Amino acid sequence: MCDSILEDIFIKRSQQRRKTSPLNYKERWFILTWDKLCYYDYDADKGKRKGLRGSVDLEKIKCVETVQTEANCPRERIYAFQVIYDEGPLYIFAKTEEVRAQWIKKLKELVQTNKDLMQKYHPCFWIDGTWLCCQQEVKQAMGCKVLNKQNGFAYGRGSYKPLPPTPSEEKSSPWSPPQVPESDKHPSGMKVIAQYNHPAMMSQDLELQKDEEYTVLDTSNPNWWKARDKYGNEGYIPSNYVVTVGNGLDRHDWYCKNTNRSQAEKLLKTENKDGGFMVRDSSKPGKYTVSLFTKGGGDSGGSCKHYNICTTPNGMFYLAEKHNFNTIPELINYHQHNSAGMFSRLKYIVSNRARPPSTAGLGYDMWEIDPSCLTFIRVLGTGQFGVVQHGKWNGQHDVAIKMIKPGAMSEDDFIEEAKVMMMLHHENLVQLYGVCTKTSSIYIVTEFLSNGCLLTYLREGLRQHPTSVQLLEMCKDVSEGMAYLESKQYIHRDLAARNCCVDGNGTVKVTDFGLSRYVLDDEYTSSAGSKFPVRWSPPEVLLYCRFSSKSDIWAYGVLMWEVYTLGKLPYEQLNNNDIVSQVSRGLRLYRPQMACEKVHGIMASCWLDKADERPTFQELAFSVQDLLYELQ
Ligand code: ADP
Ligand code: MG
């Protein structure tokens with residue numbers, strides 16, 4: 001048993017799957033650990049804990065809140081709270097208000113850096129196929145109440161500090177990320193394991209060794225945590241290089257987090273080994289899939305098979321019927337030796353961990369980069385600000401270097417902003433590493449993505465004709481990066497396929513966010529200018545320069561259209577003047593051939609005339625995810 005943080009006996013409402021099955025309420029022994037909320041059978045007569053009945057991975061939790069009870073509810077079920085995760089709500093009833101508050105507080109503390117925290121929730125129960133608060137009849141329906149700002153949640157990994165709104169930006173977001181008091185942040189004392197090596201670059205850094213354990217001491221900077229190694233050395237580490245101890249899958253090389261079906265197939269085919277495999281998150285939230293490459297499937301080049309890891313009603317895992325296991329690692333271990341119903345046994349681990357992820361900047365509190373640490377490899381292209389080069393930092397880290405030509409940017413303002421931008425960190429955003437300000441013209445140093453610009457990739461880079469699912473996965477990447485920016489009230493202002501990049505795995509990341517504010521070129525900044533992104537702008541921007549997250553949403557719809565036309569120019573036949581007048585009068589882009597009605601429906605929702613009727617990025621990310629699940 002891993003360290004328990006809280007334990008108590010609560011009533012739990014059964015999570016009935018069918019509308020017709022009666023609800024029941026049972027006493028369960030709940031144990032909260034660093035990574036799980038588990039509940040066990042409880043023998044009230046003997047006061048003993050019995051078998052495990054179920055558990056929720058803390059990293060899957062999206063919301064912890066109280067639930068409003070009905071006026072006539074029994075006394076023992078007054079202090080209700082809900083833990084929302086992939087499988088829906090888990091309803092728990094505490095004995096007193098104090099105990100409920102204590103558990104909610106602790107749970108919130110532990111999940112506050114989770115990726116998919118909800119911005120809205122349902123304050124009342126889901127009963128008999130209806131949400132009592134809003135009468136919606138779909139369990140997955142978006143919450144009807146905006147979460148209280150003071151609730152201690154922040155959306156997105158490490159999203160503690162909302163950024164100050166940028167000048168002249170319209171504040172249209174109904175929700176702003178809350179300030180979390182310093183003391184309430186990630187619990188210090190937490191044990192983590194390094195998933196990658198990371199050298200100590202500066203004296204204040206602590207070197208990470210893959211698979212070694214560290215104790216976290218300070219998490220006030222969400223991206224660089226202070227930690228201690230087993231020898232007592234202390235220093236800063238990139239928080240995205242470690243996982244909580246006890247997290248079942250993360251420590252296994254075969255587990256490829258954040259890898260979708262197309263990416264898995266690409267990795268497996270590149271490796272080209274019969275029996276090559278990985279375990280990845282299924283498109284169905286909370287489930288896992290084994291992807292296997294086999295040369296025995298009839299297809300001469302080999303083919304990929306995908307097997308969902310199923311669960312039995314009592315929480316056992318299996319791939320092939322009759323071979324049940326308590327844990328996924330046990331199941332994988334078994335199938336590494338026995339094919340048991342699959343095309344082949346799992347012979348070779350194919351991992352996406354070969355390359356460590358980007359860190360938020362190159363070190364703790366380090367935004368000024370010494371230009372003598374940079375070497376230039378080749379010119380990647382030329383953009384609005386000048387030449388962009390591929391280079392290395394310290395001879396080992398790939399970076400892209402934007403060399404700003406003199407007079408192209410209001411540099412001092414940008415440098416101030418860069419310190420804020422450094423704090424933005426998401427796997428679907430191109431990471432800003434820092435700036436060289438002492439060079440004759442400034443350099444902007446970012447993460448390097450080997451497949452370059454998304455627009456060129458769509459037009460030329462896709463080797464085979466892409467499937468609708470592949471294209472939707474690209475859109476999903478962008479929607480998640482943008483949902484993070486939205487949660488920070490950060491407006492991109494120039495979202496388009498040309499401002500996204502593609503990494504070696506095919507993951508799309510958004511770049512150049514907020515940069516347009518520092519461009520010194522009237523042709524680009526004035527909506528009447530020839531370089532203004534008219535084709536990506538909604539009527540309120542074209543007419544009144546009203547930028548908001550909702551104008552980014554419009555641009556996202558156009559970006560989806562670019563993806564589904566493989567990089568066509570929007571409104572190809574029209575010039576900028578025509579676009580302004582016709583789009584304001586209701587003209588919209590047509591449905592691309594490759595986009596089904598539902599995909600087109602998502603695009604069209606981004607182009608609603610009234611900005612506040614357009615969805616949020618978080619809602620879009622959910623819709624795209626749902627559709628992906630449907631299409632696969
Ligand atoms: P700007 O935003 O200054 O107008 P771009 O972002 O268009 O410049 O960059 C010019 C070219 O450089 C792009 O078309 C792309 O091919 C390449 N590029 C830019 N950033 C990166 C990056 N982070 N990784 C790889 N290639 C990049
Ligand atoms: Mg650009």
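Applying the selection to region 590-620, what residues are more than 26 Å from V146 (Cβ to Cβ) and either without any contact (Cβ under 8 Å) to a residue 12 or more places away in the chain or surrounded by fewer than 21 Cβ atoms within 10 Å (Cβ to Cβ) (or both)?
Y590, R591, P592, Q593, M594, C596, E597, K598, H600
Against the definition (aliphatic (A, V, I, L, M) and more than 15 Å from V388 (Cα to Cα)), how does L449 come out, yes or no? Explain how you work it out, then say what you get.
Values: aliphatic (A, V, I, L, M): yes; more than 15 Å from V388 (Cα to Cα): no.
Considered against the rule, which asks whether it is aliphatic (A, V, I, L, M) and more than 15 Å from V388 (Cα to Cα), L449 comes out as no.
I'd like to know if region 208-228 contains one or more residues that are surrounded by fewer than 19 Cβ atoms within 10 Å (Cβ to Cβ), modelled with pLDDT under 80 and not charged (D, E, K, R).
No.
Select from region 500-542 the residues that are among the aromatic types (F, W, Y) and under 17 Å from N576 (Cα atoms) and write down the one among them that is nearest to ligand 1 (Cβ to nearest atom).
So the first thing to find is which residues in region 500-542 are among the aromatic types (F, W, Y), and the list is 513, 518, 524, 532, 536.
Pick out the ones that are also under 17 Å from N576 (Cα atoms) and you get 524, 532, 536.
Values: Y524: 9, F532: 14, W536: 14 Å.
My answer is Y524.
Mind checking which residues of region 496-516 are in contact with a strand residue (DSSP E or B) (Cβ under 7 Å, 6 or more places away or on another chain) and aliphatic (A, V, I, L, M)?
V502, V508, V510
Looking at this structure, is Q15 under 28 Å from the mean Cα position of the chain (by Cα), in a loop (DSSP other than H, G, I, E, B) and not aliphatic (A, V, I, L, M)?
On the way: under 28 Å from the mean Cα position of the chain (by Cα): yes; in a loop (DSSP other than H, G, I, E, B): yes; not aliphatic (A, V, I, L, M): yes.
Against the criterion (under 28 Å from the mean Cα position of the chain (by Cα), in a loop (DSSP other than H, G, I, E, B) and not aliphatic (A, V, I, L, M)), Q15 qualifies.
With the condition kept exactly as written, say whether any residue in region 464-485 is over 21 Å from the mean Cα position of the chain (by Cα), over 22 Å from P538 (Cα atoms), within 14 Å of ligand 1 (Cβ to nearest atom) and not in a helix (DSSP H, G or I).
So far as region 464-485 goes, no, none of its residues is over 21 Å from the mean Cα position of the chain (by Cα), over 22 Å from P538 (Cα atoms), within 14 Å of ligand 1 (Cβ to nearest atom) and not in a helix (DSSP H, G or I).
When you scan region 201-276 for strands (runs of 3 or more DSSP E) that lie fully inside it, which ones turn up with 1 or more residues that are in contact with a strand residue (DSSP E or B) (Cβ under 6 Å, 6 or more places away or on another chain), free of Cβ contacts under 8 Å to residues at least 60 places away in the same chain and not β-branched (V, I, T)? Show your work before the answer.
Values: elements: 213-218, 224-228, 234-238, 242-244.
Once the strands (runs of 3 or more DSSP E) in region 201-276 are filtered for at least 1 residues that are in contact with a strand residue (DSSP E or B) (Cβ under 6 Å, 6 or more places away or on another chain), free of Cβ contacts under 8 Å to residues at least 60 places away in the same chain and not β-branched (V, I, T), what remains is 213-218, 224-228, 234-238.
Name every residue in region 528-543 that is at pLDDT below 90 and under 17 Å from P570 (Cα atoms), in order of residue number. Give the steps one after another, and end with the answer.
Narrowing region 528-543 to residues at pLDDT below 90: 528-531.
The answer is S530, K531.
Taking V420 as the residue in question, decide whether it is at pLDDT below 95, more than 21 Å from T259 (Cβ to Cβ) and within 21 Å of the chain's Cα centre (by Cα).
Details: at pLDDT below 95: yes; more than 21 Å from T259 (Cβ to Cβ): yes; within 21 Å of the chain's Cα centre (by Cα): yes.
Here the answer is yes, as V420 does meet what is asked.
Any idea which residue in region 420-463 is surrounded by the most Cβ atoms within 10 Å (Cβ to Cβ), counting only those that are among the hydroxyl-bearing types (S, T, Y) and more than 14 Å from ligand 1 (Cβ to nearest atom)? Walk me through how you get there before you give the answer.
Within region 420-463, the subset among the hydroxyl-bearing types (S, T, Y) is 433, 437, 439-441, 443, 446, 450, 456-457.
Keeping just the survivors that are more than 14 Å from ligand 1 (Cβ to nearest atom) gives 437, 439-440.
On the way: T437: 16, T439: 13, S440: 6.
Filtering region 420-463 for residues that are among the hydroxyl-bearing types (S, T, Y) and more than 14 Å from ligand 1 (Cβ to nearest atom), the one surrounded by the most Cβ atoms within 10 Å (Cβ to Cβ) comes out as T437.
Among the candidates D253, D218, which residue alone is closer than 30 Å to Q470 by Cβ and charged (D, E, K, R)? Break it down into steps so the answer makes sense when it comes.
Working: D218 fails: closer than 30 Å to Q470 by Cβ.
Result: D253 is the single residue among D253, D218 that is closer than 30 Å to Q470 by Cβ and charged (D, E, K, R).
Taking the stated definitions as given, is D45 over 19 Å from T244 (Cβ atoms) and surrounded by fewer than 16 Cβ atoms within 10 Å (Cβ to Cβ)?
Details: over 19 Å from T244 (Cβ atoms): yes; surrounded by fewer than 16 Cβ atoms within 10 Å (Cβ to Cβ): yes.
In short, yes.
Could you list all residues from region 381-406 that are more than 13 Å from ligand 2 (Cβ to nearest atom), in a strand (DSSP E or B) and either acidic (D, E) or under 23 Å from L455 (Cβ atoms) (or both)? Don't jump to the end; show me each part of the working.
So in region 381-406, the residues more than 13 Å from ligand 2 (Cβ to nearest atom) come out as 389-399, 401, 403, 405-406.
Now narrow it down to the ones that are in a strand (DSSP E or B): 389-393, 397-399, 401, 403.
Once the filter is applied, which keeps residues that are more than 13 Å from ligand 2 (Cβ to nearest atom), in a strand (DSSP E or B) and either acidic (D, E) or under 23 Å from L455 (Cβ atoms) (or both), region 381-406 yields Q389, H390, G391, D398, V399, I401, M403.
Answer yes or no as to whether A320 is part of a helix (DSSP H, G or I) and among the aliphatic types (A, V, I, L, M).
Working: part of a helix (DSSP H, G or I): no; among the aliphatic types (A, V, I, L, M): yes.
Considered against the rule, which asks whether it is part of a helix (DSSP H, G or I) and among the aliphatic types (A, V, I, L, M), A320 comes out as no.
With a cut-off of at least 2 residues that are under 25 Å from H425 (Cα atoms), name the helices (runs of 4 or more DSSP H) lying wholly within region 513-629. Break it down stepwise before answering.
Values: elements: 522-525, 539-544, 549-564, 576-584, 597-606.
Filter on region 513-629 gives 549-564.
This table checks each residue for (1) farther than 29 Å from Y241 by Cα; (2) more than 16 Å from ligand 1 (Cβ to nearest atom); (3) crowded, with 18+ Cβ neighbours inside 10 Å.
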site: K284; (1), (2), (3): no, yes, no
site: G296; (1), (2), (3): yes, yes, no
site: I328; (1), (2), (3): no, yes, yes
site: Q336; (1), (2), (3): no, yes, no
site: M342; (1), (2), (3): yes, yes, yes
site: P356; (1), (2), (3): no, yes, no
site: Y364; (1), (2), (3): no, yes, yes
site: I377; (1), (2), (3): no, no, no
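All but one of (1) within 29 Å of the chain's Cα centre (by Cα); (2) over 27 Å from T311 (Cβ atoms); (3) touching a residue at least 40 places away in the same chain (Cβ under 8 Å) hold for V99; which doesn't?
With respect to (1) within 29 Å of the chain's Cα centre (by Cα); (2) over 27 Å from T311 (Cβ atoms); (3) touching a residue at least 40 places away in the same chain (Cβ under 8 Å), V99 is out only on (1).
Could you list, in sequence order, all residues of region 446-483 that are at pLDDT 90 or above, more than 15 Å from ligand 2 (Cβ to nearest atom) and more than 24 Å from C606 (Cβ to Cβ)?
Correct list: S450, N451, E460.
Which members of region 431-448 meet the condition of being free of Cβ contacts under 8 Å to residues at least 60 places away in the same chain and in contact with a His (Cβ under 7 Å, 6 or more places away or on another chain)? Walk me through how you get there before you give the answer.
Taking region 431-448 first, the residues free of Cβ contacts under 8 Å to residues at least 60 places away in the same chain are 440-442, 444, 448.
Scanning region 431-448 gives a single hit, F448.
Looking only at region 492-502, count how many residues are in a loop (DSSP other than H, G, I, E, B) and touching a Gly at 6+ places or on another chain (Cβ under 7 Å).
Qualifying residue count for the region: 2.
Hey, any hits in region 412-419 for a residue that's in contact (Cβ under 8 Å) with a residue 40 or more places away in the chain, in contact with a Leu (Cβ under 7 Å, 6 or more places away or on another chain) and away from ligand 1 (no atom under 14 Å from the Cβ)? Before you say what the answer is, go through the steps one by one.
First, pick out the residues of region 412-419 that are in contact (Cβ under 8 Å) with a residue 40 or more places away in the chain: 413-414, 417-419.
Then drop every residue that is not in contact with a Leu (Cβ under 7 Å, 6 or more places away or on another chain), which leaves 418.
Still in the running and away from ligand 1 (no atom under 14 Å from the Cβ): 418.
Within region 412-419, one or more residues are in contact (Cβ under 8 Å) with a residue 40 or more places away in the chain, in contact with a Leu (Cβ under 7 Å, 6 or more places away or on another chain) and away from ligand 1 (no atom under 14 Å from the Cβ).
Which residues, taken from region 343-395, are of a type in the set (G, A, S), touching a strand residue (DSSP E or B) at 6+ places or on another chain (Cβ under 6 Å) and at pLDDT 85 or above?
Hits for region 343-395 are S344, G381, G386, G391.
The values are calculated or read from the model by the stated rules, or taken from the named source; none is laboratory data. Because the structure is a prediction, the values reported are computed rather than measured. Every residue, glycine among them, receives a Cβ derived from its backbone with ideal geometry; neighbour counts consider all protein chains shown.
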